1. Take the alpha carbon atoms of the stretch A:16-49, find their center, do the same for the stretch B:1-67, and report the distance between the two centers in whole angstrom.
2. For A:29-41, what's the mean count of beta carbons from other chains sitting within 10 Å of each residue's beta carbon?
3. Can you pull out the buried accessible area for chains A and B, both sides counted, probe 1.4 Å, rounded to the nearest 100 Å²?
4. Ordered by packing density, taken as the mean number of other Cβ atoms within 10 Å over each peptide's residues, highest first, how do A:67-76, A:14-23 rank?
5. How much of the pair distance distribution for the stretch A:1-79 lies past 18 Å, counting alpha-carbon pairs only, in percent?
6. Counting only protein heavy atoms, what percent of the accessible surface of the stretch B:9-100 is carbon or sulfur at a 1.4 Å probe?
7. Computed FRET efficiency, Cβ-Cβ of A:F150 and B:T10, R0 35 Å: what is it to the nearest 0.05?
8. Other chains near B:47-53: what is the mean number of their Cβ atoms within 10 Å of each residue's Cβ?
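The values are calculated or read from the model by the stated rules, or taken from the named source; none is laboratory data. Since this is a predicted model, take the numbers as computed values, not measurements. All Cβ positions, glycine included, derive from the backbone under ideal geometry; neighbour counts span all protein chains shown. With ligands, DNA and RNA removed, areas are computed over all heavy atoms of the protein, side chains included. Shrake-Rupley method; radii C 1.70, N 1.55, O 1.52, S 1.80 Å.
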Amino acid sequence: MIEVIVFIAASLMVIGGALGVVLRSNPVHAALSLVLTLFGVAVHFVSMEAHFLAAVQVIVYAGAIVVLFLFVIMLLGVDKVEDLRTEPMMRQRYLGPLVGVGVLGLVGTAVIVARGRTIVQSVEGLDTVGHDANVKQLARSLFSDYVFAFELTSVLLVIAVVGTVLLARRPNKGLQAAREKAGVNA
Amino acid sequence: MIAAADVTPTWYLLLAAALFAIGCTGVLVRRNPLVMFMCIELMLNAVNLSFVAFSRTYLDIKGQTTVFFVLVVAAAEVVVGLGIVVAILRRRPSANADDIAELKG
């Protein structure tokens with residue numbers, strides 16, 4: 001009973017926030033609706049006993065990523081309302097929801113048709129004994145079977161940081177002038 | 001009515017499908033690059049939700065491990081994406097996604 005109530009409440013948060021992201025024309029409101037959706041997903045994670053992922057969801061997504069969005073919005077001053085009338089591709093605005101309904105129908109039908117099919121459970125099983133069982137099991141999986149992928153993510157993050165610094169940097173005027181004087185084609 | 005019902009993985013998968021469809025619609029309908037990024041985040045979250053639901057169904061931690069990697073890649077993607085958006089919007093403050101159709105400065 002309580003699970004059903006939690007599921008419905010969190011699902012209302014998720015769907016309401018998602019609709020807010022798509023429908024609010026002000027980007028700041030869209031970002032705040034995104035927080036609502038991400039919190040709803042975190043509640044779902046808790047109710048599915050994925051405690052570590054719920055914490056990471058709140059810290060990384062609702063904390064870092066949405067704040068990054070808000071920073072960029074404020075930095076660039078693009079927090080003005082999107083004019084919905086100037087539309088270069090007029091038909092796309094009406095075809096878009098159609099595609100959405102199509103995706104929902106397709107995936108929803110597949111899920112409903114396939115419900116209750118045979119379930120092959122893993123030999124390991126999910127550890128639920130103890131208050132930190134989920135974290136321990138996830139860590140054991142991450143640092144044994146997936147340790148190479150885990151190390152590769154650090155390379156990915158370094159590349160992302162360096163690339164972003166290069167992209168966002170203003171071209172150095174003094175350096176460019178010096179290069180032109182020296183006849184080097186940058 | 002639903003008091004006797006149990007929360008099955010099907011419910012979570014249907015919710016994930018709805019979330020994915022909303023995000024997909026958003027990417028197609030909105031023209032502000034920042035809001036399009038947010039809609040991509042919605043789709044990633046829908047997939048994460050179904051990964052965790054399957055992890056719970058099959059009693060296998062690997063689904064949750066995958067979600068961890070998706071989170072890392074999503075963070076890196078947002079950082080690079082917002083860097084590109086900043087670089088474009090600094091040059092043309094009113095640019096929307098259709099103005100950036102040609103890969104020229």
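1. 12 Å
2. Going residue by residue through A:29-41 and averaging, the value is 3.
3. Details: alone 15260 and 7750 Å², together 15960 Å².
Roughly 7000 Å².
4. A:14-23, A:67-76
5. 45 percent
6. Carbon and sulfur together cover 73 percent of it.
7. On the way: r = 32 Å, r/R0 = 0.91.
The computed FRET efficiency comes out at 0.65.
8. The shielding value for this peptide is 4.
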